[in-house]
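The values are calculated or read from the model by the stated rules, or taken from the named source; none is laboratory data. The structure displayed is predicted, hence computed values, not measured ones. Positions of Cβ are generated from backbone atoms using ideal geometry, with glycine treated the same way; all protein chains shown enter the neighbour counts. Quick note on the areas: whole protein, heavy atoms, side chains included, nothing else; ligands and nucleic acids left out. Shrake-Rupley method; radii C 1.70, N 1.55, O 1.52, S 1.80 Å.
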Amino acid sequence: MANKKIIKNKKIAKLTIADNSYEFPIYSSTEGESVIDISRLYSEANIFTYDPGFTSTASCESKITYIDGENGILRYRGYDIEDLAQKSDFIEVVNLLIYGDLPNKEQLKKYRRLISRHTLLHEQIINFFQGFRRDAHPMAMMVGVMGALSSFYQDTLDISDSHQRQEATRRIVAKSATIGAMAYKYSIGQSFVSPKNNLSFSENFLHMCFSNTAEEYKISPILSKAMDTIFILHADHEQNASTSTVRLAGSSGANPFACIAAGVSSLWGPAHGGANQAALEMLEEIGSTKNINKYIKKAKNKKDPFKLMGFGHRVYKNYDPRAKILKGICQKVLKHVGIKNDPILKLAMTLEKIALKDKYFIEKRLYPNVDFYSGIILRAIGFPPEMFTVIFAISRTAGWTAQWTEMIEDPIQKIGRPRQLYTGNKSLKYGTIRSKKNTR
Ligand code: ACO
């Protein structure tokens with residue numbers, strides 16, 4: 001731990017193995033759980049810790065995001081997510097995450113200009129898109145094009161140069177929306193729409209997705225506010241799978257575009273960012289409130305792989321605060337687009353009510369997460385389910401770049417290299433043919 005303030009803490013953890021005992025310092029966090037520093041465990045006791053899924057392991061020290069999963073609290077740099085969702089916009093939140101505090105008016109104006117300078121993509125990236133199949137998932141294009149940025153923007157690959165790092169983060173945030181919109185346009189067979197820098201980040205994204213050569217998209221303030229709130233709510237979530245992937249990739253010194261592409265890949269999985277698409281598809285599969293009990297039963301059956309998508313979270317053992325905000329927005333958006341009684345929303349709300357009263361979900365403390373309502377909103381705005389995770393990825397570029405920057409600037413940063421509990425063969429003599437059945 002680099003932070004001297006933390007190191008001053010005098011608490012000690014004692015570990016006894018056989019006749020030997022070892023002492024490890026305990027560091028207090030400003031809020032939340034303390035940690036035992038076991039970094040010297042191997043050198044002193046010649047043993048590793050075992051923690052699959054990192055359920056009890058803090059991988060780094062961070063000042064960016066705080067989550068209190070027991071009480072459903074999420075804060076970026078100390079600010080409650082509810083306040084940010086109501087009073088900020090996405091670019092202000094990006095600035096907050098990366099630079100540590102809310103910008104003043106002048107700083108924010110300058111930052112908006114700096115970000116908007118990077119919304120265009122190199123013309124040759126258009127050729128890159130032509131290489132994808134039209135039916136490719138837009139996340140496949142997102143992963144590929146994000147990684148490919150490192151070949152186009154070689155003047156921001158030196159991670160030891162703070163100016164290059166900052167320019168790379170601005171490029172990643174600004175271009176992610178353009179790449180996401182291009183992936184969408186490509187998948188529906190329309191030509192790409194150039195960004196407009198007089199629009200806000202969210203308005204511009206809607207414009208690039210829904211304007212076309214024949215018709216300009218009329219941006220509704222209600223939909224652009226909903227879009228912006230979705231971007232804010234997904235901007236960071238401390239050391240989740242994709243963020244840890246970005247940090248781990250970055251710990252080897254890989255360039256920022258490659259690290260963010262790794263994060264996009266990790267986010268794609270249905271247990272993480274892919275859950276918003278999966279949640280809407282699940283609601284469509286359930287189809288009617290009549291079928292809810294059947295699906296709740298399936299979710300509780302350990303022999304059935306079905307899970308209630310959009311339910312449960314590694315950290316939140318209470319209602320995800322982001323889901324609460326989105327539930328409110330959902331009603332407004334549906335009303336605005338003229339869906340008075342959306343059967344999918346009705347189904348979602350009934351499913352939520354039933355699940356929250358069910359013993360299984362109560363005991364396991366499974367509540368709706370951010371993905372439960374976001375899909376309904378995005379669908380009402382006009383996005384197909386394949387775009388949901390892309391939108392999550394665009395938002396998360398804020399957190400990924402902030403966390404990557406924090407890692408690079410951490411003086412004790414070193415390459416991430418977990419150890420293992422080896423349970424494979426002991427030394428075998430080469431040429432020995434074993435009779436064991438090959439189960440693969
Ligand atoms: N439906 C039914 N049962 C569930 C669900 C669910 N959605 N989520 C968890 N459980 C059960 C598990 O089967 C497990 O039961 P057990 O104790 O009998 O084995 C118990 O609740 C604990 O769940 P774990 O999977 O061990 O919890 P973990 O922290 O590893 O996983 C996760 C969290 C991946 C989010 C899980 O709840 C899940 O798969 N949910 C559905 C997918 C989803 O919505 N993902 C989005 C997460 S939010 C995000 O990434 C933005």
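The table that follows gives values for the structure above.
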read-out: Sequence-distant residues sharing a close amide H with Ile73 (under 5 Å, placed H); value: Asp68
read-out: In Hz, Karplus ³J(HN,Hα) per residue of region 309-324 (6.51, -1.76, 1.60; θ = phi - 60°; x = Gly, Pro); value: 6, x, 10, x, 7, 4, 9, 6, 10, 8, 4, 4, x, 5, 5, 4
read-out: Over 30 Å between alpha carbons, listed pairs Lys87/Lys294; Lys297/Lys335; Lys307/Lys327; Lys364/Lys426; Lys10/Lys63; Lys14/Lys300; value: Lys87/Lys294; Lys297/Lys335; Lys364/Lys426; Lys14/Lys300
read-out: Selected from Glu31, Glu406, Glu386 as most flexible by GNM, with the chain as the system and alpha-carbon contacts under 10 Å; value: Glu31
read-out: Cα shape, region 12-166, gyration tensor, a/c 1.5 rule; value: prolate
read-out: Normalised contact order of region 285-440, rounded percent, pairs of Cα under 8 Å and 6 or more residues apart; value: 25
read-out: Region 246-278-region 90-148 distance, computed between alpha-carbon centres (Å); value: 15
read-out: Placed amide H near Asn369: partners under 5 Å, 5+ positions off or other chain; value: Phe311, Gly312
read-out: Added length on full extension, which subtracts the Cα-Cα distance from 0.36 nm per residue, Thr16 to Lys294; value: 95.1 nm
read-out: Listed residues Ser21, Ser265, Ser187, most fluctuating in the chain (Gaussian network, C-alpha, under 10 Å); value: Ser21
read-out: Sequence of Thr405, Thr423 from largest to smallest accessible area, 1.4 Å probe; value: Thr423, Thr405
read-out: Förster-model FRET efficiency, 35 Å R0, Asn198 and Asp80, C-beta, rounded to 0.05; value: 0.70
read-out: Proximal charge balance of Tyr367 [Cβ under 13 Å; K/R count +1, D/E count -1]; value: +3
read-out: The chain, relative contact order in percent, only Cα pairs under 8 angstrom and at least six apart counted; value: 20
read-out: Accessible heavy-atom area order of Ser62, Ser242, highest first, probe of 1.4 Å; value: Ser62, Ser242
read-out: Å² of accessible area per residue within region 171-238, as computed with a 1.4 Å probe and no ligands counted; value: 34
read-out: Region 170-206-region 362-398 distance, computed between alpha-carbon centres (Å); value: 19
read-out: Contact order relative to length of region 1-157, as percent, for alpha carbon pairs under 8 angstrom and 6 or more apart; value: 9
read-out: Computed [θ] at 222 nm, helices only, for the chain once each DSSP H run of length n ≥ 4 contributes -39500 (n - 2.57); value: -15500 deg cm²/dmol
read-out: Eligible lysines near Lys429 by straight Cα distance, threshold 19 Å, same-chain separation 8 or greater; value: Lys437
read-out: Karplus-derived 3J(HN,Hα), 6.51/-1.76/1.60, for each residue of region 236-241, Hz, glycine and proline x; value: 7, 7, 6, 8, 5, 4
read-out: DSSP-assigned coil residues among trypsin sites (Lys or Arg not before Pro) in region 323-363, each with at most 10 further Cβ atoms within 10 Å; value: Lys340
read-out: Highest-fluctuation residue, Met139, Met282, Met208 considered, GNM on the chain with Cα pairs under 10 Å; value: Met282
read-out: Solvent-accessible area, 1.4 Å probe, carbon plus sulfur percent, for the chain; value: 52
read-out: Sequence-distant residues sharing a close amide H with Ala13 (under 5 Å, placed H); value: Phe24, Ile26
